[in-house]
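K.L.:
The following block contains the structure, expressed as structure tokens.
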């Protein structure tokens with residue numbers, strides 16, 4: 001019969017270990033001193049963070065492609081499997097707080113062929129349970145749950161990142177398509193200019209070298225055309241790979257870039273800490289590290305284990321399952337590691353230092369998040385202003401190119417073919433730069449939504 005007095009004495013001994021609980025405590029959360037508002041934001045932007053960031057670009061095709069990527073992207077599917085594995089870890093962590101029960105049966109026969117023999121049967125049930133005297137097992141359970149929370153946040157971050165990368169790739173593909181179209185139109189423009197130059201050469205108003213320059217322009221434009229076709233095909237393959245398609249460069253593009261809304265409510269910095277998946281994961285990691293630090297600290301304390309069992313053994317198999325013949329046993333054991341060369345204390349100190357490192361990691365991630373938002377907002381304003389000036393540059397360079405060619409065609413005195421070549425170069429460069437700048441604005445706006453944690457549905 002189990003002596004409860006023994007258990008009482010054991011508990012008294014365990015309680016003396018409470019002194020070991022004194023000492024540095026791990027930190028489960030960390031407060032980040034962030035700004036009240038984003039400094040780069042204009043009036044009205046420090047409000048509620050915008051929702052439905054994909055709809056802001058007013059591009060149904062882009063939205064459709066993002067949905068396809070979320071459904072078929074192989075890397076995201078791998079992340080989903082890892083998330084499910086992490087969820088199973090919470091079950092493993094919680095199981096430690098419950099009793100362990102085992103059962104076994106046996107059969108034994110003794111004696112030879114010519115001698116008397118006997119048979120015996122056995123049945124045993126065993127159970128063990130460790131009372132969570134110091135909360136160590138609870139700490140382990142909480143740590144596994146925090147690991148799952150971090151994994152879930154990482155998965156949400158992976159979805160958001162995939163959505164952003166798909167949107168970026170679509171914008172890059174459309175940009176490459178527009179650059180290819182520009183190169184084709186440039187070749188046609190140079191080809192149309194060649195007969196004009198040849199006529200003026202025959203009229204002796206231009207030199208032979210001017211004709212060679214005109215033909216050189218066509219060859220250069222043809223080379224640019226091939227290069228941009230290659231860039232367009234490469235952009236298509238990048239997008240197709242994200243979609244889980246074979247990268248054949250056959251995806252249909254568009255000649256129109258997504259449009260942008262001028263209204264970009266950046267939200268309040270305090271909202272950022274709760275929205276960004278990477279910061280959510282960092283907080284969960286910080287909490288998990290605190291729980292593990294507590295586990296190592298409590299490993300210095302005694303542990304109590306309760307064991308019980310039912311067993312039977314008889315020559316008759318019918319009696320094996322007879323409750324009247326069962327033997328009950330209950331026992332309690334108290335154990336504590338006395339000496340391991342300071343290893344346990346060192347493990348506890350190391351876990352505490354890892355917890356402190358997680359605090360700094362979280363603060364670094366938060367500061368990086370603030371910086372990304374400020375930089376994206378600032379860049380949005382600057383790129384918008386640059387686009388205004390570049391549009392004027394394109395307009396004026398187009399007029400200069402046309403006027404220079406007209407002067408040559410009309411034989412205007414003093415008309416210089418070199419001036420025409422320079423006007424051509426500036427016009428083509430400005431047109432290409434405007435396409436690149438508009439894509440850069442789109443990319444930056446996507447980066448801003450990513451920096452804000454987006455609001456993309458993750459379920």
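The values are calculated or read from the model by the stated rules, or taken from the named source; none is laboratory data. These figures come from a predicted structure and were not determined experimentally. Positions of Cβ are generated from backbone atoms using ideal geometry, with glycine treated the same way; all protein chains shown enter the neighbour counts.
K.L.:
Looking at 271, 222 in this structure, which one is touching a helix residue (DSSP H, G or I) at 6+ places or on another chain (Cβ under 9 Å) and at negative phi?
P.N.:
On the way: 271 fails: touching a helix residue (DSSP H, G or I) at 6+ places or on another chain (Cβ under 9 Å).
Matching residue, one of 271, 222: 222.
Residue-by-condition table, conditions (1) over 37 Å from the mean Cα position of the chain (by Cα); (2) modelled with pLDDT under 90:
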{"position": "106", "(1), (2)": "yes, yes"}
{"position": "111", "(1), (2)": "yes, yes"}
{"position": "117", "(1), (2)": "yes, yes"}
{"position": "123", "(1), (2)": "yes, yes"}
{"position": "129", "(1), (2)": "yes, yes"}
{"position": "134", "(1), (2)": "no, yes"}
{"position": "158", "(1), (2)": "no, no"}
{"position": "168", "(1), (2)": "no, no"}
{"position": "172", "(1), (2)": "no, no"}
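K.L.:
Here's another thing I want to ask about it. Here is a list: 437, 442. Which entry is closer than 29 Å to residue 69 by Cβ, surrounded by fewer than 19 Cβ atoms within 10 Å (Cβ to Cβ), at pLDDT 90 or above and in contact with a helix residue (DSSP H, G or I) (Cβ under 9 Å, 6 or more places away or on another chain)?
P.N.:
Details: 442 fails: surrounded by fewer than 19 Cβ atoms within 10 Å (Cβ to Cβ).
So the residue among 437, 442 that is closer than 29 Å to residue 69 by Cβ, surrounded by fewer than 19 Cβ atoms within 10 Å (Cβ to Cβ), at pLDDT 90 or above and in contact with a helix residue (DSSP H, G or I) (Cβ under 9 Å, 6 or more places away or on another chain) is 437.
Table: residues versus (1) surrounded by 19 or more Cβ atoms within 10 Å (Cβ to Cβ); (2) under 17 Å from residue 424 (Cβ atoms); (3) in contact (Cβ under 8 Å) with a residue 40 or more places away in the chain; (4) touching a helix residue (DSSP H, G or I) at 6+ places or on another chain (Cβ under 8 Å).
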| residue | (1), (2), (3), (4) |
| --- | --- |
| 157 | yes, no, yes, yes |
| 160 | yes, no, yes, yes |
| 172 | yes, no, yes, yes |
| 184 | no, yes, yes, yes |
| 190 | yes, yes, yes, yes |
| 196 | no, yes, yes, yes |
| 200 | yes, yes, yes, yes |
